[in-house]
Amino acid sequence: MGRLIHFEIHVDDMERAKKFYGDVFGWTFEDWSEYAGTPYFGAVTGDASEPGINGALMKRQSPRPEPGQAMNGYACTMGVEDYDATEAKIISGGGTVALPKHALPGMAWQGYYMDTEGNVFGIHQPDENAK
């Protein structure tokens with residue numbers, strides 16, 4: 001079976017990215033650089049008893065995506081309890097809106113943002129009243 005078990009976010013500035021994801025989502029980081037042979041920090045995204053996966057921040061090895069470029073890879077989406085409060089943290093932390101908040105009718109609120117490293121990610125708040 002091909003279940004997703006890990007993700008990697010490529011970053012230019014490791015400390016800036018750790019601060020952004022730590023402040024916005026409460027992630028913590030473990031230095032795995034010795035094992036990877038490059039700057040690489042494991043991202044603990046939540047309690048192991050809850051659904052979800054952990055991942056890592058790794059030093060970008062090539063140019064970052066150009067602004068306005070169409071998606072050419074995966075976009076990770078984080079589940080949140082309060083969309084608007086999370087969006088405020090994203091913006092105050094240096095992130096920008098890539099695709100504004102929109103309803104997935106009868107299911108959730110969804111939107112996409114750029115992190116401080118130029119990567120696109122989504123946030124998703126379940127809400128059966130979304131329209």
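What follows is calculated from the coordinates using simple rules that are stated; it is not laboratory data. Worth saying up front: this structure is predicted, and the values here are computed from it rather than measured.
For the range 75-131, the alpha-carbon coordinates run over 33, 20, 15 Å along the three principal axes, in decreasing order. Around the amide H of T77, modelled in the peptide plane, lie the amide H atoms of G122, all under 5 Å away and 5 or more residues distant in sequence or on another chain.
Straight-line cross-link partners of K19 among the aspartates and glutamates, defined as a Cα under 17 Å from its Cα and at least 8 positions apart when in the same chain: E8, E30, D31, E87, D115, E117.
Give the whole-number value, in cubic angstrom per residue, of the convex hull volume spanned by the C-alpha atoms of the chain.
Values: hull volume 17.9 nm³, N = 131.
In the chain, the Cα hull volume divided by residue count equals 136 Å³.
For the chain, the 222 nm mean residue ellipticity estimated from helices alone, with every DSSP H stretch of n ≥ 4 adding -39500 (n - 2.57) and the total spread over all residues, rounds to -5500 deg cm²/dmol.
Ignoring lysines fewer than eight residues from K131 along the same chain, the ones with Cα atoms less than 23 angstrom from its Cα are K101.
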